[in-house]
Amino acid sequence: YYKNNTLAVFPTHQVPVILCLTNGKSFLPKEHVSSYPAFILFLIIYIFTMVSNISLIVLITMERSLHHPMYILFCNLPLNDALGATVIIPRLLSDIFVASTERYINYIECAIQAFGVHMFGTTSHTILMIMSFDRYVAICKPLQYTMIMTNRMIVKLIVFAWGSAFLFVGVLLGLTFRLSRCRSEILHPFCDNPSIFKLSCESTVINNIYGLTFTILLLGSLILTYLRIAIVCKKNKNRVLSSKALQTCSTHLTVYIIMLVSGFTFILLHRFPEWSNHRKLAAILFYVIPPWVNPIIYGLQTKEIRQKLVRQGRK
């Protein structure tokens, strides 16, 4: 925060952080009339995201025929998508008509938003991990499936998905919050870990090492599970088994690829300051597109869910 051309550093609970969507410019044209289409678009996307994801949760909860491990584990994904969209889109909507130089957020609020942002991204991976484990057991050990995927195991997997994400993100942001700050301007549409540790003038080597290790563990464990399924299908000459594996895993992989491409785009663009505007757009799309398209993908590709939705629609 600059006052009389000097940098004033506030205590942690008093630091006003400026959120800028572009470098000193408004993300949208200054004329409010030109901002209405963007506001309406994001509002429609948010409403559709919330209605579709909550509808999936209600459908799986109410329909006893869907009370199987695969759908119970999947139910965590629309819940996470709804929470992730809520962390980003409402704040984005409120900032659309505000000039970038007038967007302020308290440091504590910024930290809470960053936690929600990273919880969404991390939990998306961990939920897909437990879903891939369920598919691995169903495809590779079909005779032992009911013995392995008990109610107790389902609870353990769900606790693991949310608990491990909470732990990983807590350590990630804890390493960032320990840093002192010498800046107060965030050139990003929302608060996240890279944006916050860029407020510091201290070394962030530890943060980068932990972040890289954290990413490798998340991606590696998920990729290894699907590779294991692919190897089993290749070795097995049973075409029915291979077809079943591809059918059940194609939906998971489609969702994962969309999330992976969206996420890696803005993570990589963080390293290139000259492409900051592209990075900001990619960051917004990461928290808008997956929660928006996931219900569509699962609704269209999952036969049981599609049939239940059609039946409910006819009623």
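Here are a few things to note about the model shown:
- Extension gain, ARG152 back to ILE257 (0.36 nm per residue minus Cα-Cα distance, nm): 34.8 nm
- Working from label points 7 Å from Cα in the Cα-to-Cβ sense, the PHE166 to THR86 distance is 1.6 nm.
- Solvent exposure of segment 102-228 as accessible area per residue, Å², 1.4 Å probe: 46
- Sorted peptide list for 72-85, 48-61, criterion being average Cβ within 10 angstrom, highest first: 72-85, 48-61
- Using R0 = 30 Å, the C-beta based FRET efficiency linking THR215 and ASN277 works out to 0.80.
The values are calculated or read from the model by the stated rules, or taken from the named source; none is laboratory data. Please read all numbers here as calculations on a predicted model, not as lab measurements. All Cβ positions, even for glycine, are placed from backbone atoms using ideal geometry, and neighbour counts span all protein chains on display. Side chains included, ligands, DNA and RNA excluded: accessible areas come from the protein's heavy atoms. Shrake-Rupley method; radii C 1.70, N 1.55, O 1.52, S 1.80 Å.
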